[in-house]
Amino acid sequence: MTTPTEAESRPPLARHHAIGIDVGTSALKVSVLTNGGLVRTFTSRGYPTNAPASGYAEQDPDDWWHALGEVLDVVFSHYPQITADNTILGLTGQMHTTVLRDETGRVLRPAILWADARAETECRELLAREPSWEEVTGCRPIPAFTSAHLRWLAAHEPEALRRAARLAVPKDDVRQRLGAGWATEPSDASAMNLMDTRTDSWSAPLIAATGASLGLFAPIVASAAITGTVQQLPSNTQTAAFLGVPVIAGAGDQAAQAIALGVRDDGQLGMSVGTSGVAFQAAAAPRPGAFRHALPKTWLALDSTHAAGLAIAWWSRVANLSYHDFPAKIVRPDAPLFLPYLQGGRHGGGAPGTLSDLRATHGAADIASAVMEGVAIELLRLARGVSGGTLGASAIGVGGHAAELPALRSVLAAGFDRPIWSSTRGSAYGAAVLAAQAAGWADLTPESLDGGGEAEAPDPELVEYVAQRIIRYEALLEQLTA
């Protein structure tokens, strides 16, 4: 059953609707934004991630399509006034994930996810073939990237690659199934690690190095460009109201989350705590570690950890604790220490998920505190890495469901020693914002779209404590990776 969440209480105006569709890692979300200022988000049932071998992570693209049909019906039940004349769609979704289809549109194998770690050897091969990889794309190949997935397929499943006619990330796969065009946009294209981020064009030499062909890839258009209109819907959808609705190119999920948090201008920093944890900073010029943003002439430097909200959800499930049962404050002193690498590291290898410094007096709540603290410390480390230590002086926004946990926010505020504000507005909202702006809604200014709760100032007593915990965290990490 899908669950609507109302983020604001102002009554909607029926004139215009911008709908953001986020093909997430654990579920599909849809945010509806009206020109009256109302935002509602609807979430599908979760869909599974399969691990046919150690380090593998795969999904069935049909699960995304079925989830979309399920949610669109719920959206229409709340907005029966939706028509092709008053609605526009924006797409977003998990970055890097690789979908291959043949000439008939049949999927050739399960999608390889961003969390997949099988292609470490192939990353080294790619860099040896093309030493300029980072200069062209902004990033070296890592197992999370589409570039590495393709090289692995060329080595281990060449028949699937030979039969492939189209390659897409999830949002663009859904776009094609909607009949809304064959296209992608700079933020997701650059996150595939095969686009020249200086020119917003595919790099033919890098694609050739993977063993794939340039013809597999969709044209790259601006994020705000309309790629087509909805021509077909999932078979489990009961309404035809969305037929004919225009669809914009959209953005990768972290670029869309950055839009939702107002991370637009050079130096602005934000974080998201979804299944993964991500820190990102807007940049006015290309630099190492940066993808293209969804905004013109803007880049987004980012780094991530595979298990952030996933780690918190893991302990919630194991200990049978709801988020409301998690401690509101970090437990100290003598608290356990947690390294949140439950799905390995984004760059391959690294430390395992680790719970350390346990005592017989510790209970489920103490470990819950440690998990939140460990996730927050990893986000702090990521943010310092992507920013080069240049954080500015303004409050920092963090999005995602886990960002609602006050103890996690308190560690972030203490670690940065500056205010933190959280927002429930996620990637689907960011995609809806892009769509509304593409439609030219005059009342949707950047100022009106920035949103979040009250900024939480750092607790002076927690600042030194968190600094010492980071030292202990990094010492344990070094021991386990030596």
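The numbers here are math on the coordinates, done by the rules we state, and not lab data. All of these numbers come straight from a predicted model, not from anything done at the bench. So basically every Cβ, Gly included, is an ideal-geometry build from the backbone, and we count neighbours across all protein chains shown.
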_For a quick check: with amide H placed at 1.01 Å from N, whose amide H comes under 5 Å from Ala180's, ignoring anything fewer than 5 positions away on the same chain?_
Gln231
*Report ³J(HN,Hα) in whole Hz for each residue of the range 459-473, in order, from the Karplus equation J = 6.51 cos²θ - 1.76 cosθ + 1.60 where θ = phi - 60°; Gly and Pro get x.*
7, x, 6, 8, 4, 5, 4, 5, 4, 5, 5, 5, 4, 5, 4
*asked:* Show me the ranking of peptides 127-135, 24-32, 150-158, 91-99 by mean Cβ neighbours inside 10 Å, starting with the highest.
replied: 91-99, 24-32, 150-158, 127-135
*Which of [x] 33, 28, 21; [y] 38, 28, 22; [z] 54, 23, 20 is the computed semi-axes √(5λ) of the Cα gyration tensor in Å for the structure on display?*
[x]
*asked:* For Ser422, what residues show an amide H to amide H distance below 5 Å, using hydrogens built from the backbone and excluding near sequence neighbours?
replied: Val398, Gly453
*Read phi for every residue in the range 236-243 and hand back ³J(HN,Hα) as whole Hz from Karplus 6.51 cos²θ - 1.76 cosθ + 1.60, θ = phi - 60°, with x for Gly and Pro.*
8, 8, 8, 10, 9, 4, 7, 4
*Given H placed on each backbone N at 1.01 Å, which residues far from His17 in sequence or on other chains put an amide H within less than 5 Å of it?*
Thr87, Ile88
_With the alpha-carbon atoms as the only input, what is the per residue convex hull volume for the range 3-253 in Å³?_
117 Å³
*asked:* Given an 8 Å cut-off on Cα distances and at least 6 residues of separation, report the relative contact order of the chain as a percent.
replied: 16 percent
_Whichever aspartates and glutamates have a C-alpha closer than 16 Å to that of Lys297, once near sequence neighbours (fewer than 8 apart) are set aside_ = Glu185, Asp188, Asp196, Asp200, Asp265, Asp266
*With a Cα-only, solvent-free Debye model of the range 134-255, what are the log10 I(q)/I(0) values at q = 0.21 Å⁻¹?*
-1.17
*Among Asn236, Pro48, Ala413, whose Cα lies farthest out toward the positive end of the dipole of the chain, if unit charges sit on the beta carbon of Lys, Arg (+1) and Asp, Glu (-1)?*
Asn236
*Of Val174, His66, Thr210, which is farthest on the positive side of the dipole of the chain, counting Cα position, with +1 on Lys and Arg Cβ, -1 on Asp and Glu Cβ, and the Cα centre as origin?*
Thr210
*May I ask for the distance between the Cα centers of the range 140-171 and the range 199-225, given as a whole number of Å?*
13 Å
*In percent, how large is the relative contact order of the range 3-253, given Cα pairs closer than 8 Å and 6 or more residues apart?*
21 percent
*Could you state the number of Å between the C-alpha centres of the range 226-268 and the range 83-113?*
11 Å
_Tell me the relative contact order for the range 1-147 as a rounded percent, counting alpha carbon contacts under 8 Å between residues six or more apart._
22 percent
*By average C-beta atoms within 10 angstrom, highest first, the peptides 43-50, 457-464*: 43-50, 457-464
*Within 10 Å, count the other beta carbons around each residue, average over each peptide in 238-249, 426-437, and list them highest first.*
426-437, 238-249
*Reachable lysines, given that their alpha-carbon falls under 16 Å from the alpha-carbon of Lys171 and they are not under 8 places away in the same chain*: Lys29
_Sequence of Thr275, Thr237, Thr390 once ranked by neighbouring C-beta atoms within 10 Å, starting from the fewest_ = Thr390, Thr237, Thr275
*Order of Asp303, Asp265 - criterion: other Cβ atoms within 10 Å of each residue's Cβ, fewest first*: Asp265, Asp303
_Computed [θ] at 222 nm, deg cm²/dmol, the chain (DSSP H ≥ 4; -39,500 (n - 2.57); rounded to nearest 500)_ = -10500 deg cm²/dmol
*Work out from phi, with θ = phi - 60° and the Karplus expression 6.51 cos²θ - 1.76 cosθ + 1.60, the ³J(HN,Hα) of each residue of the range 358-375, listed in order in whole Hz, and give x for Gly and Pro.*
6, 10, 5, 7, 6, x, 4, 5, 5, 6, 4, 4, 5, 5, 4, 5, x, 4
*Which FRET efficiency, nearest 0.05, do Tyr56 and Ala482 yield, Cβ-Cβ r, R0 30 Å?*
0.65
*For the chain, size of Cβ-based charge dipole, Lys and Arg +1, Asp and Glu -1, in debye*: 500 debye
